[in-house]
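The values are calculated or read from the model by the stated rules, or taken from the named source; none is laboratory data. As the structure is a computational prediction, the values presented were derived from the model and not from experiment. Glycine gets a Cβ as well: all are built from the backbone with ideal geometry, and neighbour counts include every protein chain shown. Accessible surface areas use protein heavy atoms only, side chains included; no ligands, DNA or RNA. Shrake-Rupley method; radii C 1.70, N 1.55, O 1.52, S 1.80 Å.
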2 protein chains.
Amino acid sequence: MKALLDALKFNEAGLVPAIAQQHDSGEVLMLAWMNREAIEETLQTSRVCYWSRSRARLWRKGETSGQVQRLVEMRIDCDGDALLLKVEQTGVACHTGRRSCFFRRVEAGEAVEAEPVLVPPGQLYD
Amino acid sequence: MKALLDALKFNEAGLVPAIAQQHDSGEVLMLAWMNREAIEETLQTSRVCYWSRSRARLWRKGETSGQVQRLVEMRIDCDGDALLLKVEQTGVACHTGRRSCFFRRVEAGEAVEAEPVLVPPGQLYD
C-alpha cells in the first residue's frame with residue numbers, strides 16, 4: 001500500500017482527482033478528490049471516501065444520506081495523477097438528486113439539463 | 001458560449017479537469033485538463049483539444065499520431081468544475097499504446113497492469 005501511495009503524484013494540495021463510474025453500466029457519476037488518507041480508507045473499507053475541498057475534511061460519501069459508493073475496483077492512470085473508481089452507487093451520486101453529477105449537456109454553446117431529478121435534494125449533500 | 005465559459009469554475013491555473021469517455025462502450029479513456037481556449041476550440045471543431053500542463057500549450061489530441069478524439073457530447077457537472085467528454089476515440093487514448101490510460105488495477109494494495117498494449121508506443125505521445 002505504501003509503495004502504491006508513494007507512486008501517486010498528488011498535487012500541491014496533496015490531492016488527486018478521482019472519477020467515480022458505475023461499474024456495470026459504465027455511467028460516469030462524478031469527479032471528486034482524494035488524499036492519501038482517503039485512498040487508504042477506501043481500499044481498506046471498500047466504502048468510497050473522498051477529501052472534501054470545501055469542507056476540508058474526509059468525506060465518506062453518503063455518510064448521512066445513505067447514498068454510498070461501494071468500491072468494486074480502483075484504477076490508476078499512466079501518469080499516476082488520476083484515479084478511476086469503479087463503484088456500486090446506492091441511489092444517486094449527485095447532491096441535486098440526479099444519478100450523475102454530469103447532468104448538463106452542452107448544446108449550441110449552452111448548458112441544458114439532460115437528466116431527471118430522482119430524489120428530492122433536501123438532505124442529500126454528503 | 002461566453003455564458004457557458006463564464007459559468008465554469010476554473011482552478012487557479014485557469015484549468016478544469018476533463019474526463020474522456022468512449023461514447024458507446026462507456027469506457028473511461030483518460031483524464032486531462034482544459035482551459036477556456038481548449039474548450040472553445042473543442043466545441044467549434046468537434047476535435048478534442050486539451051491544455052498540456054507539462055508542455056504549457058494547447059494539445060490537439062492525436063495531432064501527430066492520428067489517435068484523435070471526435071467530440072460526441074460535452075457534459076458539465078453540478079459544480080461547474082469538471083467536464084465529461086463523450087468521444088469517438090480513434091485507436092488508443094494512452095501514450096503507452098493502451099486503449100485507456102487507466103490500465104493499472106489496484107490488487108491487494110499494489111498496482112497491476114490490466115490492459116494490453118495495442119499499438120507500439122514510439123511516437124504516440126500527443
Scan A:VAL72, A:VAL68, A:VAL87, A:VAL48 and give me the residue that is modelled with pLDDT of 95 or more and either open to solvent by 60 Å² or more (accessible area, probe 1.4 Å) or of a type in the set (Gly, Ala, Ser) (or both).
A:VAL72
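So which of B:GLU63, B:GLU40 is over 12 Å from the mean Cα position of the chain (by Cα), acidic (Asp, Glu) and modelled with pLDDT of 95 or more?
Details: B:GLU63 fails: modelled with pLDDT of 95 or more.
Answer to the selection: B:GLU40.
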Can you tell me which residue within region A:72-126, out of those that are within 11 Å of chain B (Cβ to nearest Cβ) and of a type in the set (Ser, Thr, Tyr), is nearest to the chain's Cα centre (by Cα)?
A:SER100
Matching residues in region A:1-35 (under 15 Å from the mean Cα position of the chain (by Cα) and outside any strand (DSSP E or B)) number 5
Across (1) buried (at least 16 other Cβ atoms within 10 Å of the Cβ); (2) under 12 Å from B:GLN69 (Cβ atoms), B:VAL28 clears everything bar (2)
